[in-house]
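What follows is a set of notes on a single structure, which appears directly below.
The values are calculated or read from the model by the stated rules, or taken from the named source; none is laboratory data. All values derive from a computational prediction rather than experimental measurement. Every residue, glycine as well, gets a Cβ built from its backbone with ideal geometry; the counts of neighbours run over all protein chains shown.
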Amino acid sequence: MSDNDILQLLPEIDEISDASLRSKTAEALSLAIQRGGWTAKNIQHAPVTITWKGCSCNLIEHIRVVTQLCIANYNCLSKFYVANGAPLDWDTVVCGALLHDLGKFTEFTWSAGGVTYSENAHLMRHPLSGAVMAAQCGLPDTIVHLIATHSFEGDASVKTAESAFVRAIDDFAFKCTVFGLEK
């Protein structure tokens, strides 16, 4: 998928202020989508999870919801806290939200029978595979760390303020999606 295709899927990429980080974010998404065998024709079938049936949105929708919630919450918090000494880095939050589930594009695969776990899913769950791909694309350690620690695999790890922020919002959005809390 081209950078333009990625931007069409995830227009929130334009919220990243640093041009180099924007480019590396699109590159990482393109790499993950390509490695997972997803195309423009089937990308909307990429799942958030296949463990729990009845999940109400796809991976692209989930990434967009998490990113938009991070942006809205950052803006709200910044009125009260960021200006008073508890800074969160904007680009780390937005890029991290966009890439937190990067590895899911390779954890799951599309086949004639539908979506299944990929051949390598038993070796690396999405936080690890996503962190590896982000590092391969030259993304900064703060982003690689955020991807690696955004799920329960990162429970024993130190977390930056940005990684804790994105993880909390992702956890809430995931529970809304999986357990139908949006109703």
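When we screen SER111, SER157, SER163 for residues that are under 18 Å from the mean Cα position of the chain (by Cα) and not aromatic (Phe, Trp, Tyr), the only hit is SER163.
Give me the residue from region 112-138 that is among the polar types (S, T, N, Q) and within 14 Å of ILE50 (Cα to Cα) and, out of that set, modelled with the highest pLDDT. By that ranking, first place goes to SER118.
Of ALA135, ALA168, ALA173, ALA148, which residue is in a helix (DSSP H, G or I), surrounded by 13 or more Cβ atoms within 10 Å (Cβ to Cβ) and over 14 Å from the mean Cα position of the chain (by Cα)? The conditions single out ALA135. Annotation note: of GLU182, GLU153, the sole residue that is in contact with a Pro (Cβ under 9 Å, 6 or more places away or on another chain), surrounded by fewer than 16 Cβ atoms within 10 Å (Cβ to Cβ) and at pLDDT below 85 is GLU153. The residue that is surrounded by the most Cβ atoms within 10 Å (Cβ to Cβ), counting only those in region 84-125 that are touching an Asp or Glu at 6+ places or on another chain (Cβ under 7 Å) and assigned to a helix (DSSP H, G or I), is GLY96. Tell me whether region 131-142 contains one or more residues that are touching a residue at least 40 places away in the same chain (Cβ under 8 Å), charged (D, E, K, R) and closer than 23 Å to VAL93 by Cβ. No, because not a single residue in region 131-142 is touching a residue at least 40 places away in the same chain (Cβ under 8 Å), charged (D, E, K, R) and closer than 23 Å to VAL93 by Cβ. Under the condition of being among the small types (Gly, Ala, Ser), free of Cβ contacts under 8 Å to residues at least 40 places away in the same chain, surrounded by fewer than 16 Cβ atoms within 10 Å (Cβ to Cβ) and in contact with an Asp or Glu (Cβ under 9 Å, 6 or more places away or on another chain), the residues counted in region 4-56 number 2.
Only one entry in ALA46, ALA28 is within 18 Å of LYS104 (Cα to Cα), modelled with pLDDT of 90 or more and in contact with a Gly (Cβ under 9 Å, 6 or more places away or on another chain), namely ALA28. Inspect all residues belonging to region 67-81 and state whether any of them is buried (at least 17 other Cβ atoms within 10 Å of the Cβ), within 26 Å of ALA121 (Cα to Cα) and touching a residue at least 40 places away in the same chain (Cβ under 8 Å). Yes, because at least one residue in region 67-81 is buried (at least 17 other Cβ atoms within 10 Å of the Cβ), within 26 Å of ALA121 (Cα to Cα) and touching a residue at least 40 places away in the same chain (Cβ under 8 Å).
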